[in-house]
Amino acid sequence: MLKMTIRQENQKPRTIRLPYFFIGSAGRIATFKSFWKIIGSRRKQNQEEVEYNEKLSFEQIDWRDIKPVLKEIKKYKGLTIVEVHDKNGQNVKIEL
């Protein structure tokens, strides 16, 4: 489970827990070509001109590349990925 903790000065810490199932499902949906066709058609409707070189990076990612990474991440429970502190007392921590 991916756990994000956000702490702000004079406030209670907020914790967001994201199960690997949701991460895997979102990754699977994001790698469907039909999903990006729908996104592309919506973008063309909202913008009059879309540059040819402007592509979203998920279009080129294959699910077969993501699946082993998600399986391997599960082995490292408790590993801190990101921990950022601000001068104002704000703090963000992401751990597995």
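The values are calculated or read from the model by the stated rules, or taken from the named source; none is laboratory data. Because the structure is a prediction, the values reported are computed rather than measured. Backbone-built Cβ (ideal geometry, glycine too); neighbour counts: all protein chains shown.
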Of all residues making up segment 33-90, the number that are assigned to a loop (DSSP other than H, G, I, E, B) and at pLDDT 80 or above: 11
Neighbours by Cβ (under 6 Å, 6+ apart or cross-chain): first from segment 1-14, farther than 18 Å from Gly78 by Cβ; second among the β-branched types (Val, Ile, Thr) and assigned to a strand (DSSP E or B): Ile6/Val92; Arg14/Ile6
Some residue of segment 8-29 being within 16 Å of the chain's Cα centre (by Cα), of a type in the set (Lys, Arg), loosely packed, with under 13 Cβ neighbours inside 10 Å and at pLDDT 85 or above: yes
